[in-house]
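Student: Before I ask anything, here is the structure I am working with.
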Amino acid sequence: MSQLFESILLALASIWANKLRSLLTLLGNIVAVSSIITVVALITGVNEAVTDAIVSDLGADSFTVQRMGITQNEDEFERMRNNPLVTLKDAEAVKRFGQTVASVMAQAQTRTRVAYLDEELETVQVQGVSEEYLDFTTFDAERGRMVTPTEISRKRLVTLIGWQIADRLFGSADPLDKKIRIAGVPFTVVGVSKKKGAAFGQSLDEFVVIPLGSYQKLFGARQSLALMIKPRNETLVNLAKDETRVALRVERGLKPAEPDNFGIVASDSVLGIFQQATAGIAVLLVGIVGLSLLVGGIVIMNIMLMVVSERTREIGLRKALGAKRRDIMSQVLTESITLSITGGIVGISLGAIFSTIIATFTPVPSAVELWSVVLGVTITALVGLVFGYYPARRAAMLDPIEALRRE
């Protein structure tokens, strides 16, 4: 153990004594590990933000029927753009047929101007909802109350507003029972939703919720709806999807050979597509890391060969005094691994700094993962071991007599 500790100290002293050479030696490892830490931190942060945004929008235990589903190529888009509008008749069909369906909410949305007195906000998201919206956790009220089913069925001019809408229009004043103008029509504020934050620089709190009937009076009924569907429990999601598909195909008179003329979107399918995109980034990362580690390993091997050459007499003297081959190999390998891990530690620090800077000055979030730090250290240790083996073996095979003769 003392010999191992001595070898580590010797390697660190050599790194400190030859700072520029050490920096150039470790550059490959530094680039590789900093790339791992930065990219993993950004991908993790983005995945968390996207997951939160999707779950907040679609719900973890629900799915949505839309006029167009998720399209991944132009042919699919061209086919789906001719799909008929999703209407309240479709919602009724799902309610009648879906034995595993607990609730079906019809929803429509657009963007328009919202104002209070002299304060005016452009392009605010307006959501028109049916009576069943109370069954979904994507809606809540931190202050005041929710819009009631009775108010929705009677198309009352009332609204639940997002936290940021309340903050921007009313400031510190109480918004409850105040009238705001949505597309020029006065609506009474009955509640304020709790703060949801932002995703990729876009606020999740700039919206107003109004009864679907009032929405259709304002913006017209010739607009496709989105049907948010909640199964009786989370284990029945796939069965509820199948029942919904059958109900809509029957309602629309589709023949068995005809494709669906509607889309079913769930949070897991959206996340699956996003994860396919991030997988491509991971492949690119593997290429960068592999090339950097190869270069870094070769440089470390050359430096260790030079170190062995510089210390030939020392190695010969140690062997003459009784040091065994395994002792010499152990010393050189320890120094090689220490050198390589030092580059990994520097890379980890730089990666954490880079990811923090990116998260601070851009909307892209980041989160440094412990496993990526462990991976960085492990990879650099393996590089030091693999590329330090040849110099270590060469040192161990030196003839002590020939080594002592050298100046």
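The values are calculated or read from the model by the stated rules, or taken from the named source; none is laboratory data. Note that the coordinates shown come from a computational prediction; the quantities given were computed from them, not determined experimentally. Note that each Cβ is placed from the backbone with ideal geometry, even for glycine, and that neighbours are counted across all protein chains shown.
Student: Quick one: T159 ticks every box in (1) modelled with pLDDT of 95 or more; (2) touching an Asp or Glu at 6+ places or on another chain (Cβ under 6 Å) except a single one, so which number is it?
Tutor: It is condition (2) that T159 fails.
Student: Of everything in segment 342-367 that's surrounded by 18 or more Cβ atoms within 10 Å (Cβ to Cβ) and assigned to a loop (DSSP other than H, G, I, E, B), which residue is modelled with the highest pLDDT?
Tutor: Checked segment 342-367; the qualifying residue modelled with the highest pLDDT is S366.
Student: Ok, one more. Is it fair to say V185 is more than 34 Å from the chain's Cα centre (by Cα) and surrounded by fewer than 21 Cβ atoms within 10 Å (Cβ to Cβ)?
Tutor: Values: more than 34 Å from the chain's Cα centre (by Cα): yes; surrounded by fewer than 21 Cβ atoms within 10 Å (Cβ to Cβ): yes.
Here the answer is yes, as V185 does meet what is asked.
Student: Which members of segment 162-173 meet the condition of being touching a strand residue (DSSP E or B) at 6+ places or on another chain (Cβ under 8 Å) and either surrounded by fewer than 16 Cβ atoms within 10 Å (Cβ to Cβ) or at pLDDT below 90 (or both)?
Tutor: Filtering segment 162-173 down to residues touching a strand residue (DSSP E or B) at 6+ places or on another chain (Cβ under 8 Å) leaves 162-166, 168-170.
Answer for segment 162-173, where residues must be touching a strand residue (DSSP E or B) at 6+ places or on another chain (Cβ under 8 Å) and either surrounded by fewer than 16 Cβ atoms within 10 Å (Cβ to Cβ) or at pLDDT below 90 (or both): there is none.
Student: Looking at (1) assigned to a strand (DSSP E or B); (2) among the β-branched types (V, I, T); (3) under 32 Å from the mean Cα position of the chain (by Cα), which is the only condition T138 fails?
Tutor: (1)
Student: How many residues does segment 320-334 contain that are touching a Leu at 6+ places or on another chain (Cβ under 7 Å) and crowded, with 21+ Cβ neighbours inside 10 Å? Working first, answer last.
Tutor: Of the residues in segment 320-334, the ones touching a Leu at 6+ places or on another chain (Cβ under 7 Å) are 320, 333-334.
If we keep only those that are crowded, with 21+ Cβ neighbours inside 10 Å as well, we get 333-334.
Residues meeting the conditions: 2.
Student: Of the residues that sit in segment 118-153 and are out of contact with any Lys or Arg (no Cβ under 9 Å at 6 or more places or on another chain) and aliphatic (A, V, I, L, M), which one is surrounded by the fewest Cβ atoms within 10 Å (Cβ to Cβ)?
Tutor: For segment 118-153, the residue satisfying everything is L134.
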